[in-house]
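Student: Quick one: structure below, then a few questions.
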Amino acid sequence: MKVYMDNSATTRMLSEVVEAMQPHFTEKYGNPSSLHYMGIEAERAVDESRAKLAECINAEPYEIIFTGSATEANNLAIVGACHAGRKKIITSEIEHSSVGKVIRNMERRGFETVFIGVDEEGFVDLKELEKKVDGNTALVSIIHANHEIGTIQNLEAIGKMCKEKEVLFHSDASQSFTKVPIDVKKFGVDLLTLNSHKIHGPKGVGALYVRKEVKLEKQVHGGMQERNWRAGTENVAGMVGFAKAAEIGVREMKRNVAKMQKLRNALVEGLLRIENAQLNGPESDDKRLCNIANITFNYVEGEALLMRLSEQGICVSTGSACSSKSLQPSHVLKALGLKHEQAHGSLRFSLSKFNSSEEVNYVIKMVEKEVAELRKLSAYAPGKKAGYYEEREQAFE
Amino acid sequence: MRRGSRHLNSDDVMALKYTKKVMDHFLHPRNMGELKDADVEATDGSPACGDMMTIGLKIDPKTHKILDVKFKSYGCASNIATASVITEMVKGRTLEEAKKIKWNAAAEELDGLPPVKMHCSVLAAKTLMDAIRKYEKMHGLLEGGEEELSAENIRLELRNIINPEMGIDIVRLKMVKGISVKKGVVKIRISMGNTDRVYEDSIREEIEEHVKAMRGVKRVEVGFST
Ligand SMILES: Cc1ncc(COP(=O)(O)O)c(C=O)c1O
């Protein structure tokens with residue numbers, strides 16, 4: 001059985017999305033900047049996509065800038081917003097690397113950075129945040145829903161505080177879009193990142209909402225595209241696909257969320273029946289995304305488990321897909337207070353509307369089997385601390 | 001920038017995809033389990049570092065041939081596969097022969113490993129060496145007594161530390177800029193060159209772990225420069 005449960009990494013495109021994109025490859029392939037009818041046709045497709053996407057988050061069309069990825073949108077938001085003399089940037093300890101690393105890098109340009117900690121459920125300490133925001137703060141950037149554990153932050157509260165203190169507020173909504181209603185006015189955000197390929201849209205396109213009064217510094221120079229905010233010939237098909245996926249995702253949100261919630265809870269219930277397994281992140285449905293379950297299987301190394309599940313046809317992640325190449329345990333799980341060995345033994349299961357309860361049952365069965373196998377072979381076992389073996393060796397000598 | 005060493009398939013390296021041989025040894029590990037009547041056993045690594053393993057050896061007291069070997073591992077695919085292949089390689093060999101088999105020979109036997117995973121492979125080889133050394137000590141097989149702590153010995157030990165970005169050891173990469181030993185305090189100066197600074201901590205931890213385990217070392221100080 002083949003089961004894809006890595007939808008926080010990327011998703012399968014909807015067939016409606018593929019269909020909507022198709023004409024823009026072979027028939028309507030004009031450059032939106034061209035003056036002829038082919039150019040006008042392409043420009044119209046871009047405009048329509050922009051309007052559709054804006055509507056999904058209660059924004060105006062001219063407040064949307066299409067980018068090449070959510071990563072680029074995050075870079076533009078952070079680097080672009082920090083130009084007006086203020087020298088402090090505040091963020092959380094559980095950001096995606098496309099925010100966290102960009103902000104770290106701003107230290108080299110003379111910015112002071114503050115990384116606010118989180119509680120064991122992954123919620124940003126709002127009191128601490130408020131204390132740090134001052135007249136020298138250029139930007140506050142807090143992820144909406146976390147990509148590893150699903151915690152949904154209270155953007156409204158942060159937005160209100162930032163407005164009172166007259167500080168710009170950015171949020172990365174890559175994972176929450178189409179799973180949590182997004183209203184930029186209600187949230188009080190100045191900048192908001194959206195991701196296409198996490199919502200059954202195409203890769204190679206992202207978007208940044210920029211509230212109309214906000215002045216960004218342009219980062220990609222060249223042509224006058226995106227109302228002179230971002231140069232480069234538009235990815236017309238990508239924008240059309242992104243908007244289509246957003247439109248369908250928002251329309252079907254209620255139904256899809258209910259389905260994913262139910263499957264995810266059944267999955268968690270089954271997996272937690274395995275001995276020495278624990279859920280990371282919030283338990284209750286209203287505090288986290290409907291589709292993510294991050295679980296530590298103690299005494300098992302996460303990558304080994306992932307590779308064995310892959311052999312059984314199951315796709316999941318250890319922590320964040322992007323960070324599974326590095327040696328360090330996930331910074332998100334460490335921020336929750338997990339010990340290194342707990343972080344090393346964690347897997348992220350992330351569902352979509354395409355998953356079924358048969359798949360959930362299959363995954364539970366296979367995880368149970370592979371965890372048992374690995375534990376049988378493991379040099380690290382319950383009740384035997386690291387020192388156990390050395391003591392035994394000394395007794396032997 | 002150079003990435004990966006000669007025997008590595010660069011496509012596999014960049015994508016962190018394992019070779020067929022690695023997958024075979026990982027999914028069907030040879031010599032895995034506990035050796036009930038082991039003559040010697042060694043454990044290395046720790047759960048906090050993400051890998052830990054135990055190797056047991058049964059050795060013929062006359063010929064010093066390795067009659068049987070078994071391992072247990074809490075580690076990634078690369079660690080399990082290396083342990084599997086290296087135990088296969090040393091079975092039936094004498095201790096002298098086995099000591100010559102280093103981690104890179106095992107990695108080569110596996111048709112290469114991703115650079116970032118080389119250190120998992122080193123752990124497997126090191127645990128085996130520890131078991132052999134321990135047996136030799138127990139049976140008075142060490143010639144010329146204990147080795148003295150010297151910059152040269154430390155440099156040899158540092159050959160086991162892999163730059164995770166390149167998959168090559170830090171001595172060969174000429175990253176070791178100075179070693180001093182004074183009354184058990186070892187100071188090591190490392191130049192990161194073009195290597196991403198995010199690897200500094202893991203390189204420091206590895207150096208400390210390896211050098212601290214050497215006889216006569218009281219403290220290890222690792223300094224970095226670019
Ligand atoms: C929260 C979050 N932000 C940003 C990104 C970056 O997306 P992309 O790689 O498509 O630019 C991701 C994807 O991993 C994400 O999960």
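The values are calculated or read from the model by the stated rules, or taken from the named source; none is laboratory data. Because the structure is a prediction, the values reported are computed rather than measured. All Cβ positions, even for glycine, are placed from backbone atoms using ideal geometry, and neighbour counts span all protein chains on display. Accessible surface areas use protein heavy atoms only, side chains included; no ligands, DNA or RNA. Shrake-Rupley method; radii C 1.70, N 1.55, O 1.52, S 1.80 Å.
Student: On each of the three principal axes of the Cα atoms of the protein assembly as shown, give max minus min coordinate, whole Å, ordered largest first.
Tutor: 88, 55, 50
Student: Which of rounded, prolate, oblate describes the range A:120-256, given a ≥ b ≥ c as roots of the alpha-carbon gyration tensor eigenvalues and a/c under 1.5 marking rounded, otherwise prolate only if a/b is larger than b/c?
Tutor: Cα axes put the range A:120-256 in the oblate bin.
Student: Compute the Cα gyration tensor for the range A:1-84, then decide on rounded, prolate or oblate, letting a ≥ b ≥ c be the square roots of its eigenvalues: rounded whenever a/c is under 1.5, prolate when a/b is larger than b/c in the other cases, and oblate in all that remain.
Tutor: Taking the square roots of the gyration eigenvalues as a ≥ b ≥ c, the range A:1-84 is oblate.
Student: Please list 3J(HN,Hα) in residue order for the range A:253-270, calculated via the Karplus relation 6.51 cos²θ - 1.76 cosθ + 1.60 where θ = phi - 60°; whole Hz, with x for glycine and proline.
Tutor: The phi angles translate into 3, 4, 5, 5, 4, 4, 5, 5, 4, 5, 5, 4, 5, 5, 4, 4, 4, x Hz.
Student: Can you tell which of B:Asn31, B:Asn160, B:Asn79 shows the greatest fluctuation in a Gaussian network model of chain B with Cα springs below 10 Å?
Tutor: B:Asn31
Student: In degrees, nearest 10, range 0 to 90: what is the angle between the Cα axis of helix A:37-56 and the longest Cα principal axis of chain A?
Tutor: Helix A:37-56 sits roughly 50 degrees off the main axis of chain A.
Student: Work out the mean other chain Cβ neighbour count within 10 Å for the residues of A:372-382 and drop it here as an integer.
Tutor: 5
Student: At 27 angstrom or more along the helix axis (alpha-carbon based) and mean Kyte-Doolittle of -1.0 or higher, what helices does chain B contain? Whole DSSP H runs only.
Tutor: On the way: long enough: B:118-138 (30 Å, 0.03).
Passing helices, by number: B:118-138.
Student: Is it possible to state the helix-based mean residue ellipticity at 222 nm for chain A, with each DSSP H run of 4+ residues giving -39500 (n - 2.57), the sum divided by total residues, to the nearest 500 deg cm²/dmol? What is it? The partial results should precede the final answer.
Tutor: On the way: 16 runs with 165 residues, N = 397.
Per the formula, -12500 deg cm²/dmol.
Student: Using only helices, what value at 222 nm comes out for chain B when you add -39,500 (n - 2.57) per DSSP H run of length 4 or more and divide by the total residues, to the nearest 500 deg cm²/dmol?
Tutor: Details: 8 runs with 82 residues, N = 226.
Calculated from helices alone, the mean residue ellipticity at 222 nm is -10500 deg cm²/dmol.
Student: Output wanted: per-residue J couplings in Hz (rounded whole) for the range A:146-153, from phi through Karplus 6.51 cos²θ - 1.76 cosθ + 1.60, θ = phi - 60°, x for Gly and Pro.
Tutor: Each residue's phi maps through the Karplus curve to give 5, 7, 9, 10, x, 3, 9, 7 Hz.
Student: Does the range A:221-342 come out rounded, prolate or oblate, given a ≥ b ≥ c as the square roots of the eigenvalues of its C-alpha gyration tensor, rounded meaning a/c under 1.5 and, failing that, prolate meaning a/b above b/c?
Tutor: In terms of gyration-tensor shape, prolate.
Student: Further, regarding this structure: Give me a single rounded figure for B:75-81: the average over its residues of other chain Cβ atoms within 10 Å of their Cβ. Intermediate values should be presented prior to the final figure.
Tutor: Numbers: counts 9, 9, 8, 3, 3, 5, 0.
Neighbouring Cβ atoms belonging to other protein chains average 5 per residue here.
Student: Search the structure for amide H atoms under 5 Å from the amide H of B:Ile190, placed 1.01 Å from N in the peptide plane, and list their residues when 5 or more places away or on another chain.
Tutor: It is B:Lys177, B:Gly223, B:Phe224, B:Ser225, by chain and number.
Student: Follow-up question, since we're still on this one. If Lys and Arg each add +1 and Asp and Glu each add -1, what is the summed charge of the other residues whose beta carbon sits under 11 Å from the beta carbon of A:Gln175?
Tutor: Result for the local shell: +1.
Student: Now for a separate question. If you build a Gaussian network model of chain A, linking Cα atoms that sit under 10 Å apart, which residue out of A:Lys127, A:Lys52, A:Lys165 swings the most?
Tutor: Residue with maximal mean-square fluctuation among A:Lys127, A:Lys52, A:Lys165: A:Lys127.
Student: Pick out, in residue order, every one of the GluC sites (Glu not before Pro) in the range A:166-239 that is DSSP loop and has at most 12 other C-beta atoms within 10 Å; say none if there are none.
Tutor: For GluC sites (Glu not before Pro) across the range A:166-239 that sit outside H, G, I, E and B with at most 12 neighbouring Cβ atoms in 10 Å, the list reads A:Glu166, A:Glu213, A:Glu217.
Student: Starting from 0.36 nm per residue, how many nanometres of slack lie between A:Ser15 and A:Lys215 once their C-alpha separation is accounted for?
Tutor: Length difference between fully extended and current span is 68.2 nm.
Student: Between A:Glu156 and B:Thr226, what is the spin-label point distance in nm, taking each point 7 Å from the Cα along the Cα→C-beta axis?
Tutor: 4.6
Student: Here's another thing I want to ask about it. Per residue of B:108-121, what is the mean number of Cβ atoms on other protein chains within 10 angstrom of that residue's Cβ?
Tutor: On the way: counts 0, 0, 0, 0, 0, 0, 1, 0, 3, 3, 0, 1, 3, 0.
Mean shielding by partner chains, rounded to a whole number: 1.
Student: Per 0.36 nm of contour for each residue apart, how much would the distance between A:Glu121 and A:Asp183 grow if the chain were fully extended, relative to their Cα-Cα spacing?
Tutor: 19.9 nm
Student: Over chain B, what percent of the accessible surface lies on carbon and sulfur atoms, probe 1.4 Å? Can you show the working numbers first?
Tutor: Working: 4890 of 10480 Å².
It is 47 percent, rounded to a whole number.
Student: Let me ask you something else. Would you mind computing the Rg to Rh ratio of the range A:15-251 from its alpha-carbon coordinates, Kirkwood style for Rh?
Tutor: Ratio value, two decimals: 0.98.
Student: Short version: what are the Cα gyration tensor semi-axes of the range B:10-138, square root of 5 times each eigenvalue, largest first, in whole Å?
Tutor: 25, 14, 12
Student: Where q = 0.14 Å⁻¹, what log10 of I(q)/I(0) comes from the Debye formula for chain B, counting one point per Cα?
Tutor: Debye curve over Cα of chain B, log10 I(q)/I(0) at q = 0.14 Å⁻¹: -0.90.
Student: Under a straight-distance cross-link criterion of Cα-Cα below 25 Å, which lysines are reachable from A:Lys160, leaving out those fewer than 8 residues away in the same chain?
Tutor: The reachable lysines, counting only those whose Cα sits under 25 Å from A:Lys160, are A:Lys87, A:Lys88, A:Lys127, A:Lys131, A:Lys132, A:Lys179, A:Lys185, A:Lys186, A:Lys212, A:Lys215, A:Lys287.
Student: A further question on this structure: Report ³J(HN,Hα) in whole Hz for each residue of the range B:29-39, in order, from the Karplus equation J = 6.51 cos²θ - 1.76 cosθ + 1.60 where θ = phi - 60°; Gly and Pro get x.
Tutor: x, 7, 6, 9, x, 10, 8, 4, 10, 5, 7
Student: Could you tell me the center-to-center distance, by alpha carbons, between the range A:1-55 and the range A:198-219 in angstrom?
Tutor: So the two Cα centres are separated by 15 Å.
Student: Quick check on my link table: of A:Lys369/B:Lys72; A:Lys369/B:Lys36; B:Lys183/B:Lys212, which ones sit more than 23 Å apart, alpha carbon to alpha carbon?
Tutor: From the list (A:Lys369/B:Lys72; A:Lys369/B:Lys36; B:Lys183/B:Lys212), the Cα-Cα distance tops 23 Å for A:Lys369/B:Lys36.
Student: Pairs A:Lys2/A:Lys259; A:Lys28/A:Lys254; A:Lys2/A:Lys334: which are spaced more than 23 Å apart, C-alpha to C-alpha?
Tutor: Beyond 23 Å between Cα atoms: A:Lys28/A:Lys254; A:Lys2/A:Lys334.
Student: Using a 10 angstrom Cβ neighbour count of at most 14 plus a DSSP loop assignment to flag exposed GluC sites (Glu not before Pro), which longest range of chain B is free of such sites?
Tutor: B:35-142
Student: While we're here: For chain B, with a Gaussian network of springs between Cα atoms less than 10 Å apart, report the residue from B:Leu113, B:Leu128, B:Leu57 with the top mean-square fluctuation.
Tutor: B:Leu57
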